[in-house]
Amino acid sequence: MKTENKTHSLSRREWLSRTAAPVVAASFGYPVLAGTTGHADVRPQMPDAKLAVFDIRDFGAKGDGVKLNTAEIQAAIDAAHAAQGGTVFVPSGTFLCGTIELKSNVTFHLAVNARLLGSPKPEDYRAGNNIPPGNGNIVFISAADAENITICGNGTIDGNGLAFWTGQGDNTGPGANSADGYFHRPHLLIFARCRNLRVQDVFLTASAYHCMRILNCEYVYFERIRIFNRVNKNNDGFHFNNSRSVHVDSCDVTCQDDACALFGSNTFITVANSSFSTRWSIFRFGGGECENIAVTNCLIYETYGCAIKMSCRANSRFENMTFSNLILRDVTGPITIGLDSVRRNTSNAGNRPQQEFVRGKVRNITFSNIRGSVVAEGRQYDDMHWEQGYRPGETRTCITLNGVGEDFLENISLSNVHLTFEVGGTASLALLPALRRVHGAC
């Protein structure tokens, strides 16, 4: 008697419906529980020891916003590093903390309602291990000489920066005396000489100083980060120094100082699909050799310093950059490029060894498909608790391309650039010869 074979193949739709949930859950490291749904505090469970999960509560941390958890969180990080890799899990709650150090092969995961809150006490912070001292090196979270570090999750890292408000900045601006600057306050995040660094999905807010400093790093990926940093002076967003292969995508940056500063030599940088607002500059280039940089599909709004600012001097070179598909709304100084090899030659300042003088170069830079509105004067921000104040040179600005003396800008192109400038000049200003020349050139 012939037995009928009941085995049959599943259709593609049936196979996907039966396997999608466990596959997705496993990809995030969460257990699959029949009849239940995922919870923000369900710890990832991974069988491989190298992918173990280290819940900071298991090390004694308490999310009550009162207990200082620096030692407990650092112990979890050290354990993950000692296991040759793992995930440090920060669950729901407010975890008060001082300076901590991330290490190689560690993923720092913040649950949806997790909040890592900086201590309001200066004594709970220190300089990051092996972090160079420029612009201060007191820090909340840092890593140096490490690789394969990830900060992720939809939680919050809050620097509690209002607790460090004195009304004083670091005095590193034009004409200021940095010897009197306020440097002994923590940056939110500093990474030095790191490789394969990822920060994804987190909310970074209220730093006492810069939000993120990326120093001599390589292969850096910042995705879907939200930054709100407007509680203190010098509240930068991203600050890159001498880094390579950096990619910023789908980020929203609202800050008080430079939103995306590139100092020193930076190369192979992309910024895309992001929005920015600041009192000062969005893309600021200061010194070094910056090249092979692409900025595209970005929104810049309520920026009352200079949206794109390049200041090049001797022994520096800016070249091979594109800025495309940008919307500028209510900005001042939309584009400024300056090259002056003599007046600002600081290559022999301080105790640095003397450099051979090489005239600065700015060349092969393209601006295309840019639309926007330029206001005559900067305005007060509702979400900043101190008066901003604007210098005369910051008002009624235009596109400025300036090579001084024997310095020349080479191959700078602007195509399909349409900007509407707000009225507001006076008859006396119109009579100034310099003003007529500048505005006539625009």
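Give the residue that is nearest to the chain's Cα centre (by Cα), with candidates limited to residues of the range 97-124 that are closer than 14 Å to Ile157 by Cβ and part of a loop (DSSP other than H, G, I, E, B).
Leu102
Yes/no matrix, rows are residues, columns are (1) surrounded by 21 or more Cβ atoms within 10 Å (Cβ to Cβ); (2) more than 19 Å from Phe228 (Cβ to Cβ):
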| residue | (1), (2) |
| --- | --- |
| Phe140 | yes, no |
| Cys152 | no, no |
| Gly155 | yes, no |
| Gly167 | no, yes |
| Gly181 | no, yes |
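Inside the range 349-366, can you point out the residues that are among the basic types (Lys, Arg) and modelled with pLDDT of 90 or more?
Those that are among the basic types (Lys, Arg) and modelled with pLDDT of 90 or more: Arg359, Lys361, Arg363.
Only residues that are at positive phi, without any contact (Cβ under 8 Å) to a residue 60 or more places away in the chain and either in a strand (DSSP E or B) or crowded, with 24+ Cβ neighbours inside 10 Å (or both): list them for the range 189-239, please.
Hits for the range 189-239 are Asn196, Tyr219.
May I ask you to list the residues in the range 367-381 that are modelled with pLDDT under 90, within 24 Å of the chain's Cα centre (by Cα) and farther than 13 Å from Gly305 by Cβ?
Gln380 - this is the single residue of the range 367-381 that is modelled with pLDDT under 90, within 24 Å of the chain's Cα centre (by Cα) and farther than 13 Å from Gly305 by Cβ.
Within the set of pairs 6+ apart or on separate chains, which have a first residue in the range 395-414 that is within 17 Å of Phe357 (Cα to Cα), a second that is among the polar types (S, T, N, Q) and at pLDDT below 90, and C-beta atoms under 9 Å apart?
Every condition considered, the pairs that remain are Val404/Ser341; Gly405/Ser341; Glu406/Ser341; Asp407/Ser341.
From Ser275, Ser265, grab the single residue that is touching a Phe, Trp or Tyr at 6+ places or on another chain (Cβ under 9 Å) and among the small types (Gly, Ala, Ser). It would help to see each step written out before you state the result.
Working: Ser265 fails: touching a Phe, Trp or Tyr at 6+ places or on another chain (Cβ under 9 Å).
Answer to the selection: Ser275.
So, in the range 55-96, how many residues would count as being assigned to a strand (DSSP E or B) and under 26 Å from the mean Cα position of the chain (by Cα)?
Of the residues in that region, 9 qualify.
Going residue by residue through the range 112-132, is there one that turns out to be farther than 23 Å from Cys217 by Cβ, open to solvent by less than 10 Å² (accessible area, probe 1.4 Å) and either touching a residue at least 24 places away in the same chain (Cβ under 8 Å) or out of contact with any helix residue (DSSP H, G or I) (no Cβ under 9 Å at 6 or more places or on another chain) (or both)?
yes
Starting from residues that are open to solvent by 20 Å² or more (accessible area, probe 1.4 Å) and in contact with a Ser or Thr (Cβ under 7 Å, 6 or more places away or on another chain), keep the ones in the range 250-271 and report whichever is farthest from Arg379 (Cα to Cα).
Phe268
Just the residues that are touching a residue at least 24 places away in the same chain (Cβ under 8 Å) and open to solvent by 10 Å² or more (accessible area, probe 1.4 Å), please, taken from the range 170-179.
In the first step, residues of the range 170-179 are kept if they are touching a residue at least 24 places away in the same chain (Cβ under 8 Å); the result is 170, 172.
The one that is touching a residue at least 24 places away in the same chain (Cβ under 8 Å) and open to solvent by 10 Å² or more (accessible area, probe 1.4 Å): Thr172.
For the range 378-404, name all the residues that are within 27 Å of Leu339 (Cβ to Cβ) and either in a strand (DSSP E or B) or open to solvent by 30 Å² or more (accessible area, probe 1.4 Å) (or both). Break it down stepwise before answering.
Looking only at the range 378-404, we keep the residues that are within 27 Å of Leu339 (Cβ to Cβ), and these are 378, 390-404.
Within the range 378-404, Tyr390, Arg391, Pro392, Gly393, Thr395, Arg396, Ile399, Thr400, Leu401, Asn402, Gly403, Val404 meet the criteria.
Taking Ala79 as the residue in question, decide whether it is free of Cβ contacts under 8 Å to residues at least 60 places away in the same chain and in contact with a helix residue (DSSP H, G or I) (Cβ under 8 Å, 6 or more places away or on another chain).
Yes; evaluated as a whole, the condition is true for this residue.
Would you check if Glu319 is modelled with pLDDT of 95 or more, of a type in the set (Asp, Glu) and surrounded by 15 or more Cβ atoms within 10 Å (Cβ to Cβ)? Full working, then the answer.
Details: modelled with pLDDT of 95 or more: yes; of a type in the set (Asp, Glu): yes; surrounded by 15 or more Cβ atoms within 10 Å (Cβ to Cβ): yes.
Against the criterion (modelled with pLDDT of 95 or more, of a type in the set (Asp, Glu) and surrounded by 15 or more Cβ atoms within 10 Å (Cβ to Cβ)), Glu319 qualifies.
Hey, does the range 64-74 have a residue that's modelled with pLDDT of 95 or more, open to solvent by less than 60 Å² (accessible area, probe 1.4 Å), under 21 Å from Asp201 (Cβ atoms) and among the β-branched types (Val, Ile, Thr)?
Yes, that holds for at least one residue.
Of (1) buried (at least 21 other Cβ atoms within 10 Å of the Cβ); (2) part of a strand (DSSP E or B), Ala314 satisfies all except one. Which?
(2)
The values are calculated or read from the model by the stated rules, or taken from the named source; none is laboratory data. Since the model is a prediction, treat every value here as computed from it, not as a measurement. When we count neighbours, we look across all protein chains shown, and the Cβ atoms used for this are built from the backbone with ideal geometry, even at glycine. These accessible areas exclude ligands, DNA and RNA; they are computed on the full protein's heavy atoms, side chains included. Shrake-Rupley method; radii C 1.70, N 1.55, O 1.52, S 1.80 Å.
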